[in-house]
Amino acid sequence: MTSHPSLHSRWSLGKLIAHATRLPIVKGLLRRFVNRPGFRGSADYWEERYTAGESSGMGSYGQFAEFKAAVINGFVAKNEVVSVTEFGCGDGNQLSLMRYPHYNGLDVSATVVQGCRERFRGDASKRFFHYHPDRSAKQLQEVRADLAVSLDVIYHLVEDDVFESYMSDLFLAATRFVIIYSTNTDINSVGQSPHVRHRVFTEWIAANAVEWEMFDHLVSQLPVEHFGRMESRPDFYFFRRKIGTTSR
């Protein structure tokens, strides 16, 4: 009889968990888990967080913010980007490091939008809007820009309908480029925060934003231990409108 290595020797605990979270039944359980009682939705979460005086989180400060600013500022200068629209501007700390000629910042939290207006009062190059994914058609026309940006947002969109609307608006708002900084995995751990849900967002783009193509992928230069595990690490993904297509 042929001997087989034990399950323990073939699979580490981490690999077993990663494999299990890809199974449809487990994904369903995880969706119910992240929406457990006490968590009222992604928009409410951020409004309550900012109302309580909390910040956008460590991703918008220190070496995280500096890394993102260096990458995007270089891209904006190299590609002569004139206007930028960001979906999820947060408390403005990340924005304070950016060099955008003209900027539109949108956020689901009315509190943080007002805070940004006060923080950047007197800077005519920046405008801020309260984002309503379910009634954004008119607003999108006002914020169309060369580049649309999403930084550390997609993996906080736990509801399917919110994710769908957000992704659609992100690409509709861009005329030339889209930059996304996010995780791109469907591995969700049982113990993760209720306001986090990782997704393979590139699959959505391939199926729903066919006039766009990814032309670059920049792996985060920050050590993986800063993110807990490899699949939790956000990277940069760069998209451009395909030649021959026009913005709607």
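The values are calculated or read from the model by the stated rules, or taken from the named source; none is laboratory data. Since the model is a prediction, treat every value here as computed from it, not as a measurement. Quick reminder, even Gly has a Cβ in these numbers, built from the backbone with ideal geometry, and neighbours come from all protein chains shown.
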Subset of segment 199-218 (residues that are of a type in the set (Phe, Trp, Tyr) and surrounded by fewer than 16 Cβ atoms within 10 Å (Cβ to Cβ)): Phe215
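In segment 62-77, what count of residues is obtained for those that are on the phi < 0 side of the Ramachandran plot and over 16 Å from the mean Cα position of the chain (by Cα)? Don't jump to the end; show me each part of the working.
Let us first name the residues in segment 62-77 that are on the phi < 0 side of the Ramachandran plot, namely 63-77.
Within this subset, residues satisfying the condition of being over 16 Å from the mean Cα position of the chain (by Cα) are 63, 66, 70, 73-77.
The qualifying residues number 8.
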Failed item in (1) within 26 Å of Arg240 (Cα to Cα); (2) touching a Phe, Trp or Tyr at 6+ places or on another chain (Cβ under 7 Å); (3) of a type outside the set (D, E, K, R), with Asn93 passing the rest: (1)
Set Val81, Val26, Val71: member being among the hydrophobic types (A, V, I, L, M, F, W, C), buried (at least 18 other Cβ atoms within 10 Å of the Cβ) and either farther than 21 Å from Pro133 by Cβ or at pLDDT 95 or above (or both): Val81
Meets criteria (among the small types (Gly, Ala, Ser), over 18 Å from the mean Cα position of the chain (by Cα) and farther than 23 Å from Thr175 by Cα) for Gly92: no
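Residues being touching a residue at least 60 places away in the same chain (Cβ under 8 Å) and assigned to a helix (DSSP H, G or I): count how many of those fall in segment 106-136.
Keep residues of segment 106-136 that are touching a residue at least 60 places away in the same chain (Cβ under 8 Å), which gives 107-112, 115.
Retained after the next criterion (residues that are assigned to a helix (DSSP H, G or I)): 110-112, 115.
Result for segment 106-136: 4.
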Residue match in segment 153-163 (condition: touching a strand residue (DSSP E or B) at 6+ places or on another chain (Cβ under 9 Å) and β-branched (Val, Ile, Thr)): yes
Test: residue in segment 180-187 that is outside any helix (DSSP H, G or I), closer than 26 Å to Tyr61 by Cβ, in contact with an Asp or Glu (Cβ under 7 Å, 6 or more places away or on another chain) and aromatic (Phe, Trp, Tyr): yes
